[in-house]
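Heads up: the structure comes next, in structure tokens.
The values are calculated or read from the model by the stated rules, or taken from the named source; none is laboratory data. Worth saying up front: this structure is predicted, and the values here are computed from it rather than measured. Methodologically, a virtual Cβ is constructed for each residue, glycine included, from the backbone with ideal geometry; neighbour enumeration extends over all protein chains shown.
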Amino acid sequence: MGATFDDRDGFIWMNGGLIPWREAKLHVLSHALHYASSVFEGERCYSGKVYRIEEHTERLFFSAKALDMNIPFTAKEIIDGTYAVLKANNLRDAYIRPVAWRGSELMGVGAQETRINLAISAWVWGPYYGIDERLKGIRLQWSEWKRPSPETEPVMAKASGLYMICTISKHKAEREGYDDAMLLDYRGHVAEATGANVFFVMNGEIHTPTADCFLNGITRRRVIEIARKRGYKVIERAMMPEELAKAQECFLTGTAAEVTPVREIGQYKFTPGEVCRTLMSAFDEEVGKVIQAKSSAA
Ligand SMILES: Cc1ncc(COP(=O)(O)O)c(C=O)c1O
């Protein structure tokens, strides 16, 4: 294993200023660790510019509010902090992780007076496969877990607690030779992968589940706009898993996944084709990605 995430050179922005990477610590009696009072973002910087940083920052505030947390910084301070982190770590192409959490001042479910902390880290995200290789598509297994109803959890927040079923689903999928898992929702509708939204191509039209009980990704929304601009009909609707038999192509969208073709979800097979190719390169163009032959940030 390479350097672990707590043992690296560099700087992390924490509660208002840059500190050495290894000193960005929290106590074992932090409320967030025990009760999942934590929200976060995942962002990407391409050639020195953070893609849609305002929207990500807005969502961070939205998620925090959903968990009754008031982040004690302004959007401008967070955005300035993000660029300070990139500069301090000498990064122009990177993944960025802002995280806000309840601290250790009080222990117990109710902990209204706890401090809300905020940290921003950035690092180079692993190897990314060249377009030809990415085009083969990834393989997904059906998860045994269901995305909960909006009455059960604050499902539109990017909150750590919502990732519990994602991690166990993804672990099982990986153990059984898949790349990721696909979740249905509490009604049995197709929902999303463990960290990305999903789209299907059916006879030239693009269909995607309505984001009414899972994260309505920033990439998802932008890819819908890009596809429509390119003349594709995009339909957001409730989708049943059996309908996947009628899809020719399938792809995921997300900050980490960008646009990633899928070739298999359980018993259903897809062949990445023209729509995947078009939207992958349209998205790369949109973010200003410099395409390298085989490797770069993911
Ligand atoms: C569960 C989940 N769904 C969807 C997405 C895609 O969201 P975005 O495009 O805003 O990164 C993510 C990634 O953040 C995610 O973790």
Completion exercise
Filter the stretch 101-122 for residues that are buried (at least 16 other Cβ atoms within 10 Å of the Cβ), among the aliphatic types (A, V, I, L, M) and modelled with pLDDT of 95 or more; the one that is farthest from VAL28 (Cα to Cα) is ALA122
Completion exercise
Cβ pairs under 8 Å, 6+ apart or interchain, first in the stretch 34-54 and farther than 16 Å from ALA122 by Cβ and assigned by TED's automatic domain parsing to the domain that holds GLU113, second within 12 Å of the ligand (Cβ to nearest atom) and basic (Lys, Arg), ordered by first then second residue, are VAL39/LYS158
Practice task
Would you check which residues across the stretch 75-100 are surrounded by fewer than 21 Cβ atoms within 10 Å (Cβ to Cβ), hydrophobic (A, V, I, L, M, F, W, C) and within 25 Å of HIS31 (Cβ to Cβ) and list them?
Solution key: ALA75, VAL99
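Against the definition (surrounded by 15 or more Cβ atoms within 10 Å (Cβ to Cβ) and not assigned by TED's automatic domain parsing to the domain that holds PHE40), how does LYS172 come out, yes or no? Full working, then the answer.
Values: surrounded by 15 or more Cβ atoms within 10 Å (Cβ to Cβ): yes; not assigned by TED's automatic domain parsing to the domain that holds PHE40: yes.
So LYS172 passes the test.
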Fill in the blank from the handout: Filtering strands (runs of 3 or more DSSP E) wholly in the stretch 178-236 for at least 1 residues that are within 22 Å of PRO150 (Cα to Cα) and β-branched (Val, Ile, Thr) gives 190-193, 197-202, 205-209
Handout entry: When residues of the stretch 189-210 are limited to those that are near the ligand (Cβ under 9 Å from one of its atoms) and not hydrophobic (A, V, I, L, M, F, W, C), the one nearest to GLY273 (Cα to Cα)
Key = ASN197
Completion exercise
Scanning the stretch 175-207 for residues that are at pLDDT 95 or above, crowded, with 16+ Cβ neighbours inside 10 Å and of a type in the set (Asp, Glu) gives ASP185, GLU192
Completion exercise
Among residues of the stretch 211-225 being under 17 Å from ILE165 (Cβ atoms) and under 14 Å from the mean Cα position of the chain (by Cα), the residue nearest to the ligand (Cβ to nearest atom) is LEU215
Exercise for the section: Please tell me if ARG147 is among the basic types (Lys, Arg), crowded, with 21+ Cβ neighbours inside 10 Å and out of contact with any Lys or Arg (no Cβ under 9 Å at 6 or more places or on another chain). Expected result: yes
Fill in the blank from the handout: Per the list (1) farther than 21 Å from ALA196 by Cβ; (2) buried (at least 20 other Cβ atoms within 10 Å of the Cβ), residue check on GLY17 breaks on (2)
Completion exercise
Within the stretch 208-226, residues touching a helix residue (DSSP H, G or I) at 6+ places or on another chain (Cβ under 8 Å), closer than 19 Å to LEU184 by Cα and either surrounded by fewer than 22 Cβ atoms within 10 Å (Cβ to Cβ) or in the same structural domain as ILE53 (by TED's automatic domain parsing) (or both) come out as ALA211
